[in-house]
1. Sum up the charges of everything whose Cβ sits under 11 Å from the Cβ of T83, counting Lys and Arg as +1 and Asp and Glu as -1, but leave T83 out.
2. Solvent-accessible area per residue for segment 54-113 at a 1.4 Å probe radius, Å²?
Amino acid sequence: MVGGVLDREEPLTLAMLLDDRGLLDRVEIVGTDVSAQAIAQARSGRHRKRALRDDHPAELAARYLRIDGDQGTIAPRLLAAVTFKTLNLFDADAIRMLGAFDLILCRNVLIYFATS
């Protein structure tokens, strides 16, 4: 299982890359955030064009995204391949319930933890 605390778009980018290499059906992608609002936005599969900067190669974007004005919508098949969950990293029981992961990716997570 692949998962982690990810920005809304990152699990979908990961799904694009894995699908492009024929590996999407071999993994489970779980994207988490403490914010229910962020999870709802991620589940919608709709993102502002700004979120689609130049991080995606043009051929991937053309295959998996539909651009309409300033919005981008992810292909439903890819969206269905990602499970989004609200999760607080301080909730050890909730983390245990997710099970084992082979890979965990975290972005901008450590900046929210105090050192003292």
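1. Local charge sum for T83: +1.
2. 73
The values are calculated or read from the model by the stated rules, or taken from the named source; none is laboratory data. All values derive from a computational prediction rather than experimental measurement. When we count neighbours, we look across all protein chains shown, and the Cβ atoms used for this are built from the backbone with ideal geometry, even at glycine. Keep in mind that these areas ignore ligands, DNA and RNA; they rest on the heavy atoms of the full protein, side chains included. Shrake-Rupley method; radii C 1.70, N 1.55, O 1.52, S 1.80 Å.
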